[in-house]
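First the structure, in the form of structure tokens, and then the observations on it.
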Amino acid sequence: MDLKIDITEGIGKSTVKLFGEIDAYTAPQLKEKLLPLTKIERNQVEVNLENVHYMDSTGLGVFISALKSTKENNSELRLVDLQDRVLRLFRITGLDEIITIDTAIRGGNN
Amino acid sequence: METLNTDISNYRNLLKHYIEIRDEQSLYGAEQLSKMFIKNNVPPEEIVNLHIQALEELYPDVPEYFRHSMNFLVEIMITYGIAYQENYSLREEQSQLKSEIAVAANMQETLLATTKPETEDLDIGVVSAPANQMSGDYYHFLEGKDNSIGIAIADVIGKGIPAALCMSMIKYSMDSLPEATMSPKTILKNLNRVVERNVDAGMFITMFYIQYLPAKNKIRYASAGHEPGFYYNAETKTFEEIKAKGLVLGVSPDADYREYERTINKGDMVVLLTDGVTECKQGDRFIETEEVLEVIEQYSDLPAQEMVNKVYKHFERMQNFQFRDDFTLLVFKKEV
């Protein structure tokens, strides 16, 4: 299974849309694309996970690295539109309390 | 030199035969010869040289330009020869690495070995199987002077050798903790500091630590982002999730862990697992937690070790004997 990574860069803001699976095979690609964005001073990085239906713990590792990098570079990381299975992983690991996760926009209306 | 001489005459005869008759048999001979060259690690430029020599012996009047062209070919083959040599030594190195990893995997087993506590109180069963050679899953037992029993189950994120090395670190820090600090939340807090200081940014560990207190008929537990366990109530014959919230080890240096406590009755059972169990797949479909519990319940009358073995076999069959992740299942039943 593949992971497709779409990046839109604006002024002070980057949006990353992911499609597919994040696992041991695709996590390195994600890390390579995501980490540089968090290294831009004051950059707001938004990762859209609407189309990620599977993620394993290696994926969590990438987001932890990204979070640590935002702390060093005064940038921000925000995850949006997580599917339930993926969100569960963040909840179990307690990472939902240290990473900003926006779940409210699911479906668009509420 | 002896072999080279036989090589030359062999090659010459074969070449002559081919030029004169061009039959299948000489092609077969060529294939055999080629295999022998590979086996004896003969570089490609040597083979071209052999060809020139054989040709000159067979046809002394080979045209000058042809002779030059063959020498040109020898030059071309030299770089190929070097690449071939590199490839050869890489293969050698690879097989050496493979056997070193096998030794390391063995050592890991010895280093991380833990003994099931001998107790009348609990019947403990555990099965742990790596997806690859080295496991990132781990379980450990600690026994207190007050007869309390500590059980840790952990999963290192990041696989293979780094994960395995990390496990040894966890084990030794756990063994060196003074007994007074054996409460689940203190253990996790201490380990978190060790991991945070010593591993790299993308790596972390999840752990569930549970302590059985025989004098009080209670269990105390805390979780560092680990997959929730299950509590089986023998009286109502139902499972419930053991909820415990806490951050994974190694992410934030000042994480605190909440400790939970509950009474455990005779016949009740606690199930701890890693996500290799809950992330089992049948075809493209993930197994739901309820199905895992159903399988466990199906075998719940068996002694704990037999039970976990049966459950493991069940999922092994379901996944065609190929786990995507390390698989660890630990169960204990209160006997008295």
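The values are calculated or read from the model by the stated rules, or taken from the named source; none is laboratory data. Computed from a predicted model, the values in this text were never measured in an experiment. FYI the Cβ positions are ideal-geometry reconstructions off the backbone, even for glycines, and counts take in every protein chain you see. What goes into the accessible areas is simple: the full protein's heavy atoms, side chains included, and nothing from ligands, DNA or RNA. Shrake-Rupley method; radii C 1.70, N 1.55, O 1.52, S 1.80 Å.
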*asked:* Am I reading the B/A interface right? What is its buried accessible area, both sides, 1.4 Å probe, to the nearest 100 Å²?
replied: 1800
*Over every pair of different alpha-carbon atoms in the protein assembly as shown, take the mean of 1/r and invert it; report that Kirkwood radius in Å.*
26.2
_Accessible area per residue for segment A:3-102 in Å², computed with a 1.4 Å probe and the full protein assembly in place, what is it?_
45
*Between their Cα atoms, which of B:218/B:333; A:4/A:33; B:237/B:334 are more than 19 Å away from each other?*
none
*Among B:148, B:252, B:27, pick out the residue whose Cα is farthest towards the positive end of the charge dipole of chain B, where Lys and Arg carry +1 and Asp and Glu carry -1 on C-beta, about the Cα centre.*
B:148
*Applying 1/(1 + (r/R0)^6) with R0 = 35 Å to the Cβ-Cβ distance of residue B:72 and residue B:36, what FRET efficiency is obtained, to the nearest 0.05?*
0.85
*Sorted from largest down, give the three principal axis spans of the alpha carbons of segment B:2-92, whole angstrom values.*
41, 31, 26
*Taking all pairs of distinct alpha-carbon atoms in segment B:114-334, Kirkwood radius in angstrom*: 17.6
*So, with a 1.4 angstrom probe, what is the percent of accessible area on the protein assembly as shown that is carbon and sulfur?*
50
*Taking the mean number of other Cβ atoms within 10 Å as a proxy for protection, how do you rank A:67-79, B:255-267, A:18-30, B:98-110 from highest to lowest?*
A:18-30, A:67-79, B:255-267, B:98-110
*Name the residues of segment A:40-67 whose accessible area, probed at 1.4 Å, falls by at least 20 Å² once all protein chains are in place instead of their chain on its own?*
A:54, A:57, A:58, A:61, A:64, A:65
*asked:* Across segment A:3-102, what fraction of all alpha-carbon pairs, as a whole percent, falls in each successive 5 Å bin from zero upward?
replied: 3, 14, 27, 29, 19, 7, 1
*Which distance in Å, rounded to a whole number, links the C-alpha centroids of segment B:166-180 and segment B:24-63?*
64
